[in-house]
Every structure is written in structure tokens, then in C-alpha cells.
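Here is the structure we will look at, set down as C-alpha cells.
The values are calculated or read from the model by the stated rules, or taken from the named source; none is laboratory data. Quantities reported herein were computed from a predicted structural model and do not represent experimental measurements. Methodologically, a virtual Cβ is constructed for each residue, glycine included, from the backbone with ideal geometry; neighbour enumeration extends over all protein chains shown. Accessible surface areas use protein heavy atoms only, side chains included; no ligands, DNA or RNA. Shrake-Rupley method; radii C 1.70, N 1.55, O 1.52, S 1.80 Å.
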Amino acid sequence: MTDLDRYLSDHDRRIHDELFELLRIPSVSARSEHSGDVRRAAEWMRDALAKIGFEASINETPGHPIVVGEWRKAGPGAPTVLVYGHYDVQPAEPLDLWESPPFEPTVRDGRIYARGSVDDKGQLFLHVKALEAHLAVRGKLPVNVIVVAEGEEEVGSENLADFIASNTKRLAGDAVVISDSSMFAPGQPSILSSLRGLAYFQIDVTGPTVDLHSGSYGGAVMNPATALARIIATFHDADGHVAIPGFYDAVRDWGEDARAAIRRLPFDESGFQHETGAPALGGEKGFSTLERIWTRPTCELNGLLSGYTGEGAKTVLPSKAMAKVSCRLVPDQDPDSIGRLMEAHVKRVAPKGVTVTVQHLHGGRPWRAELEGPLFDAARRALAAAFGREPVIVGEGGSIPVVGDFQRILGTPVLLMGFGLPGENAHAPNEWMSDENFVKGAKAVAGFWDELATTR
Ligand code: BES
Ligand code: MN
Ligand code: MN
């Protein structure tokens, strides 16, 4: 046990109390009625950073504020690292499916249940506590640290890229470190090698000005719901490949080494299926489940709305139909180009007799890491020490839009070491974070700063 581990153990109770305080703030970035709560969470983060000895500030954006904390007393000879996380959370609905209220953190079976527990408040806060351990025990950090906590990750990080671009001097450094992802399995520390990108759309189809009697008009007026269904049906071929022309043009081959590494991972496919509750797994022909999630782009229907959906039957020809559609992207697909392809395709296949619009809601670039150099060596050692097992390299199907921006704008490598677990219900009812991972994560990160200062 190091001096830092002992400090974290000794203060375990208070650290949990503080985390629970943060979890009680319903900082739902998507809902305007919560914008005061989002700001309250930002202020809470700023104060938490100031309390441990950081210079901390709230930085306004056209949307939710960005919290920046700085500690630069390690001097110009020491590395400078930016720690990123997000203090905003997804909406908690449907509320009736929560076993304990989403904003009243509750520990059951070693799990901290609350909206945002693992995504990302718990993972962001364990970084703050690891930094506190250094400053409290030794009065200093072995590296210069900038903490950037944003409040718009769950709504697409709309304002963060601009903030980074107009603060490059202030945010420049040797690396970016993020904990906003999961471990491959319980007890198995993991370093991320890739994230998928995202291009999100809303498709609106309009026909007659009002809903029509389906007997008096049906067959003579194009039905917007049918038109939308026909459009959507062209997105995939029978083998599950995306059939939008040009969709795969920019996809870079993953490489045989990386594919072999994925095959070597002890993936529990039936456990994965069981966790979803789906009667069978399925996807693009020619790829394994992990390859489908980590290495292949998708076109996914997220929501559908049209016509009569109430009790019983109503003979109606709906005047409009709407779909939410998002594509997960892999290197080197670009959300803007995919947006143009999607829009052109939808317009081309749209049946006559309806008006179709495609809105681009938000996007983020995909990312793949180099995984070499002192940054990753330090992470490997710190994770192995804290968890008693060598970390594995894993991919990820989700997106953190800012990761590509950090790499592109600041030119620094990004290390993603997450402490979530499979089945943690992120974005769903009953989100939880493993308490063991919260505790070990803080110790791993505290050790990481020591490793980084010596592994150069
Ligand atoms: N922390 C997640 C990203 C993630 C998801 C990491 C799954 C590991 C596993 C992040 O907060 C998130 O939810 N991202 C969104 C993107 C955003 C633009 C709404 C996503 O992936 O849907
Ligand atoms: Mn997250
Ligand atoms: Mn999320």
C-alpha cells in the first residue's frame, strides 16, 4: 500500500459523501428546465477543485459552462496533462423503472446506483480525489495538471471544440487522460484503443396537411408513414451491410494484428446476449460481435413516430412521419461527409407525393489510438498495480466526440482508461458504478501520476 492508497482508504467515507452530493444534483444537459442544476453541478465541481488546491474557474459558453482547474507548480520540466470528464448526465426517464430514485444515490450489492454514477460523475470525481491524495499527502503533484469538466457531453459537446481551439495555449500539454468508459470484465483493467464516431439525423416526411380518412383517401394519396418505411428499408441490404452509396468509402482497414488481438480476448458472447435480453444476436455478415461493435460503422434507427398509436383501431392516413437515425462511424469516416451521403440518398429514394427533410443534429469523429510511449506504459503499470492484473487493450462502440478534437486541435495523445463495467446501465434506468472500481480507480489514477513522472 502506498502513502496515497492509505490516504484514500483513510478518507473513504468522506470521499463517498462528497460523491453522493454531486450525484444528487440532477445535471441533465438535454433539458432546459435543468439548466440551473447543470450550473449548480459546474459550481460544485469548481469548488471541489478549489478545495484540493487547484485554481478553478467557470468558463461560459453559448450552452452549459466548462469548468477548468489548473495546478502548474510541478514546473516546466515536468509533463503537463489534461484530465477531461463530463459533469452532465442523461435524462433519467423512465422514472418508474428505477429501483431507487435516480438522484438519491443508493449502495446495493457493492454498486452505487444513481444517474451519472458511472457516466461520468463517479469517474471524473475519482480523478479529483486522486489529485487530492497527492496534494494532501505530499503537498504537490509530480506533473502539471489541467482538469476540464464539461456540461454538454451528453448532448454532443457542441461548444467544447471551439473552447479548445480558442484556448490552445492554456490547454496545451503532453497528454489527455479520460475515464469515461468501461473495463472489459470485472477485475480486468482496460485501456481503450478506439471509439466510434457519430452522425445523428432527424428525417421528417410530410404529406397531406392534416390526417385523412384512410378509406376516402387511402390508395390515392401517398402515405407519409409508408414513405418513411420505404426510405428506412433502403438503409441496409439483406446481409446487414449499410446500403447508402459511398458509406464505406473512407473506412480504413482495421488491420490483421488488431483483429487477431480482438479474437484473443475472452469474450463471453452468451453472457453478452443474456445481458441484452434479446432472443438472438445479429448484425453485419462476416464479422464477429466484438468486430461489429468496435470496428464497423452502423446506421441505427433510434426512434419512429407517426399516425395513430393509441388504444384500438383508427382508420387514418397520417399527415406526417418522423425518424431519428444515427450512424456510428469508424476511422476515417467523417460526420459531415456521411451527412451529405445520407441526405442525398434519402432524397433519391424518397417516393413521390411527400416532402422529405433531413436535419443533421450532431456529430463526432471516430478515433483510434497509437498506444505507444511513456503515457501508455505508465497507465499499464498503474492499472496492473491497482487491480493486480495486466490491463487489456479494448475497442469501444460508443462515442466521446471531444477525443478526436483533442487529438486534432492540441496534437496530443489521448489515454482512455475507464472504470465502468459491462451491464452498468449507462443511459438506462438503474445506472450503477461498481464501488470497488470507484475505490481502485482512484488508487490507480493516483499511482498513474507517479508512474508518469518517472516513466519518461
Ligand atoms: N461515456 C459515454 C461514451 C461511452 C459509451 C463510453 C459506451 C464507453 C461505452 C458518453 O457519455 C456517451 O454517452 N456518448 C454518446 C455520444 C454523445 C454525442 C451523445 C454516445 O456514445 O452515444
Ligand atoms: Mn460519458
Ligand atoms: Mn453518456
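Being out of contact with any Pro (no Cβ under 9 Å at 6 or more places or on another chain) and not in a loop (DSSP other than H, G, I, E, B) is the filter here, so list the residues in the range 81-103 that pass it.
If the condition is that a residue be out of contact with any Pro (no Cβ under 9 Å at 6 or more places or on another chain) and not in a loop (DSSP other than H, G, I, E, B), then 81, 82, 83, 84, 85, 86 are the ones that fit.
If you check residue 422 against the conditions, is it surrounded by fewer than 18 Cβ atoms within 10 Å (Cβ to Cβ) and within 16 Å of ligand 2 (Cβ to nearest atom)?
Yes.
Out of the range 132-162, which residues are within 29 Å of residue 424 (Cβ to Cβ), in contact with a strand residue (DSSP E or B) (Cβ under 6 Å, 6 or more places away or on another chain) and either acidic (Asp, Glu) or more than 15 Å from ligand 2 (Cβ to nearest atom) (or both)?
Correct list: 145, 146, 147, 150, 153.
Give 130, 136 a once-over and let me know the one that is among the aliphatic types (A, V, I, L, M), more than 16 Å from ligand 3 (Cβ to nearest atom), open to solvent by 10 Å² or more (accessible area, probe 1.4 Å) and not in a strand (DSSP E or B).
None of the others qualify; the one that does is 136.
Checking the conditions here, which among 180, 174, 237, 249 is over 30 Å from residue 393 (Cβ atoms) and among the acidic types (Asp, Glu)?
Result: 237 is the single residue among 180, 174, 237, 249 that is over 30 Å from residue 393 (Cβ atoms) and among the acidic types (Asp, Glu).
Does residue 63 qualify as being without any contact (Cβ under 8 Å) to a residue 12 or more places away in the chain and not in a helix (DSSP H, G or I)?
no
Listed here are the residues, each with its yes/no results for (1) open to solvent by 30 Å² or more (accessible area, probe 1.4 Å); (2) not in a helix (DSSP H, G or I).
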site	(1), (2)
396	yes, yes
402	no, no
405	no, no
427	yes, yes
436	yes, no
440	yes, no
444	no, no
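Can you confirm whether the range 83-91 contains a residue that is within 16 Å of ligand 1 (Cβ to nearest atom) and surrounded by fewer than 17 Cβ atoms within 10 Å (Cβ to Cβ)?
Yes; the residues of the range 83-91 include at least one that is within 16 Å of ligand 1 (Cβ to nearest atom) and surrounded by fewer than 17 Cβ atoms within 10 Å (Cβ to Cβ).
Could you list, in sequence order, all residues of the range 317-330 that are open to solvent by less than 30 Å² (accessible area, probe 1.4 Å) and closer than 17 Å to residue 353 by Cα?
317, 318, 319, 321
Considering only residues of the range 407-419 that are out of contact with any Leu (no Cβ under 7 Å at 6 or more places or on another chain) and open to solvent by 30 Å² or more (accessible area, probe 1.4 Å), which is nearest to ligand 3 (Cβ to nearest atom)?
407
Looking only at the range 12-48, count how many residues are open to solvent by 30 Å² or more (accessible area, probe 1.4 Å), within 21 Å of residue 446 (Cα to Cα) and in contact with a helix residue (DSSP H, G or I) (Cβ under 8 Å, 6 or more places away or on another chain).
Qualifying residue count, the range 12-48: 1.
From the list 265, 212, pick out the single residue that is of a type outside the set (Asp, Glu) and more than 23 Å from the chain's Cα centre (by Cα).
Residue meeting the stated conditions: 212.
Restricting attention to the range 165-195, report how many residues are over 21 Å from residue 440 (Cα atoms), within 16 Å of ligand 1 (Cβ to nearest atom) and either surrounded by fewer than 22 Cβ atoms within 10 Å (Cβ to Cβ) or among the hydroxyl-bearing types (Ser, Thr, Tyr) (or both).
2
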